[in-house]
Number of protein chains: 2
Amino acid sequence: MRNPAENAQLALLLEVTGTPKPGNVDRYRDYDDLRFEHFMAGSVGAFDGLCAAADGAPIGDAFERAVDGMADQSGGNTQFGALLCVVPLVRAAATERLTPEGVAKTVEQTTVEDACGFYRAFDHVDVAVDDPPDDLAALDVRRGRAAVETLLQRELTLYDVMDRSADRDGVAAEWTSRFERSFEAAGWLLDDDGPIYRRTSRVFLRLLAAEPDTFIITRNGRKAAAEATARARDVLAGTEDPEALAEEFVARDINPGTTADIIAAALFISLERGLVV
Amino acid sequence: MRNPAENAQLALLLEVTGTPKPGNVDRYRDYDDLRFEHFMAGSVGAFDGLCAAADGAPIGDAFERAVDGMADQSGGNTQFGALLCVVPLVRAAATERLTPEGVAKTVEQTTVEDACGFYRAFDHVDVAVDDPPDDLAALDVRRGRAAVETLLQRELTLYDVMDRSADRDGVAAEWTSRFERSFEAAGWLLDDDGPIYRRTSRVFLRLLAAEPDTFIITRNGRKAAAEATARARDVLAGTEDPEALAEEFVARDINPGTTADIIAAALFISLERGLVV
């Protein structure tokens, strides 16, 4: 029987394995500089931090350790957002409250120290993020640990930080909405059948069709995100070939990374709830 | 910096990712009941035993723990042979003697207790093996822990057990030959360049072209093993397409599993020696 940290590591591996996931690295597709093998190494490196999350370390410290280990490969950012989703879920599972209510309590109990850990994590890896609003410039995550003093002055918890980003970041939105999409997608995975790498693809397309991917908005703009959503709907309607779309989106560097992050969370929840591998 | 147990886990993941590896599960190919996702789960489950190997547990106990964890998925035997190669290499690396001489010492120092652990490991998973010679019937590995009394009576160490199988099992032959092929293939991986999943394929084909795969001999017979070797040579000579061969061998269930086991060992050694992922 796998423990929560092991299921979280397996969720990271199954996430990147799922194919086709148009625009993502998957079992069949690499970007030149960001390859499947980097995600394997990222999953190996993250495990130590996932164990810390299960063992009761502060969430921010556990997240920083997971990101630090994940970053020990040459592909850059592979699973930052996925870990930001999965770390509080691991803690919730390890404390026997892996429900929307239980996870909500877990994230609401985060502290200013947790926020500091989150900011320090940005020192380990380059993450694509938006410019913050002017009044939040001192809290630009790209400042990394340099922003810690501001966090302490303003007494912002990690939950507060997520709350301030929830309108423009799909992972932060999970933190402030009881991980609603993650739990819903976990149900889809459990209700489906067949090999998991195909279930993962189907659930990915449903999530992408339902909401614009905020990682695409950040990197490619709103128009590209709207196109990705529309074309995922076309795949679900049977009027677009997902394999061809996957080739096209990789060629155009349109990467629905936030949707992949939520898939990792959904896989973790479904493994904890009995998904058989 | 990954420790030896982490590099061993990554080696298992990179092994199954390498493609094309004609006849093996790989990044692009599954068998119906033995799929890529089972190898992912096997790699997650094996880690605890790999840590035990690094931390100084008896080799037989560490191997049994790794196999027990590996078997916690529905695909059956994914990495039994790979773990039998990798566990002593992890111990050697953790004690700073990951050289042919150092590994030879490590395996020669195994005990009767280690042999018992090896036999107990067969209770966790079905492994395809040959019938033993008549005088070794009491030591048929398929007897699992029922063979332990015989091991104790005859005072056979795990090295002794491997020595008795070395003429018909390619993994046992590594144990008794200073892991010669594993170290040689690690050099090939390090001397090559480009994505690791392609290097892995090239090294796999070189190993398969050089010697008949004993797992094919066990499951399909000597003629099939000779064919696999000949056709791997054709791939190296440029007269056979490796992708087509991979499709054909999966369809015919000709699986060079021992070659894959040695690839896992070679990947581990190359990671310890600086292979950059």
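With the Kirkwood sum run over all distinct C-alpha pairs, segment B:1-109 has a hydrodynamic radius of 14.0 Å. The protection proxy used here, the mean number of other Cβ atoms lying within 10 Å of each residue, ranks peptides A:183-195, B:68-80, A:84-96 as follows, highest first: A:84-96, B:68-80, A:183-195.
Compactness of segment A:25-82 was expressed as the Cα radius of gyration divided by 2.2 N^0.38 Å, which yields 1.17.
Dividing the mean sequence gap of close Cα pairs (under 8 Å, 6+ apart) by how many residues chain B holds gives a relative contact order of 25 percent. Ranked from shortest, the separations from the 7 Å Cα-to-Cβ label point of A:Trp188 to its equivalents in the other copies are 4.3 nm. Computed from backbone phi, the HN-Hα couplings of segment B:216-229 come to 5, 4, 4, 8, 10, x, 5, 5, 5, 5, 5, 5, 4, 5 Hz, rounded to whole numbers (Karplus: 6.51 cos²θ - 1.76 cosθ + 1.60, θ = phi - 60°; Gly and Pro given as x).
Just tell me how shielded A:38-46 is by partners: mean number of partner chain Cβ atoms within 10 Å of each residue's Cβ, no decimals.
Details: counts 3, 2, 12, 11, 1, 6, 15, 5, 0.
Counting other chains' Cβ atoms within 10 Å and averaging over A:38-46 gives 6.
Taking label positions 7 Å along the Cα-Cβ direction at both B:Ala128 and A:Asp134, the computed distance is 7.0 nm, reported to one decimal. Counting neighbouring Cβ atoms within 10 Å and putting the fewest first, the residues A:Leu14, A:Leu34 line up as A:Leu34, A:Leu14.
Give, in whole angstrom and from largest to smallest, the semi-axes √(5λ) of the equivalent ellipsoid of segment A:4-272, with λ running over the eigenvalues of the Cα gyration tensor.
Details: eigenvalues 151, 84, 61 Å².
In descending order, the three semi-axes are 28, 20, 17 Å.
Global size of the protein assembly as shown: 24.1, 82 Å for Rg and Dmax (C-alpha atoms, Rg to one decimal, Dmax whole).
About its Cα centre, the dipole of the protein assembly as shown is roughly 320 debye, where the only charges are +1 on Lys and Arg Cβ and -1 on Asp and Glu Cβ. The residue among B:Ala237, B:Val171, B:Ile262 whose Cα reaches farthest toward the positive pole of the charge dipole of segment B:167-277, with charges on the beta-carbon of Lys, Arg, Asp and Glu, is B:Val171. Note on B:185-197: average number of Cβ atoms from other chains within 10 Å of each residue's Cβ is 1. Peptides B:56-65, A:220-229 ranked from most to least packed by the mean count of surrounding Cβ atoms within 10 Å: B:56-65, A:220-229.
Which of B:Leu271, A:Leu98, B:Leu83 comes first, and how do the rest follow, when ranked by fewest Cβ neighbours within 10 Å?
The order, fewest Cβ neighbours first, is A:Leu98, B:Leu271, B:Leu83.
When each of B:Ile263, A:Ile254 is scored by the number of other beta-carbon atoms lying within 10 Å, the sequence from fewest to most is A:Ile254, B:Ile263. Mean residue ellipticity at 222 nm, helices only, chain B: -20000 deg cm²/dmol; runs of at least 4 DSSP H residues each add -39,500 (n - 2.57), and the sum is divided by the number of residues. Taken as Cα centroids, segment B:204-248 and segment A:172-230 sit 42 Å apart, rounded to the nearest whole angstrom.
Oblate is the label for segment A:135-277, because the ratio a/c of its alpha-carbon gyration tensor axes (a ≥ b ≥ c) is 1.5 or higher and a/b is not greater than b/c. A point 7 Å from Cα along Cα→Cβ stands in for A:Gln153, and the other copies hold the same point at 8.1 nm, listed in rising order.
Every pair of different Cα atoms in segment B:73-116 enters the Kirkwood calculation, which places the hydrodynamic radius at 11.6 Å.
Taking amide H as placed 1.01 Å from N in the peptide plane, the amide H of A:Gln73 sits under 5 Å from none that are at least 5 places away or on another chain.
Counting partner chain Cβ atoms within 10 Å of every residue's Cβ in A:126-133, what's the average?
0
Between copies, the label points of B:Arg168, set 7 Å from Cα on the Cα→Cβ line, lie 6.9 nm apart, reported in increasing order to one decimal in nanometres. Set against the 2.2 N^0.38 Å expectation for a compact globular protein, segment A:67-186 has a Cα radius of gyration ratio of 1.05.
Read-outs throughout are calculated quantities, based only on the coordinates presented, and are distinct from any laboratory measurement. Please read all numbers here as calculations on a predicted model, not as lab measurements. Neighbour counts are summed over all protein chains in view; Cβ atoms, including those assigned to glycine, are modelled from backbone coordinates with ideal geometry.
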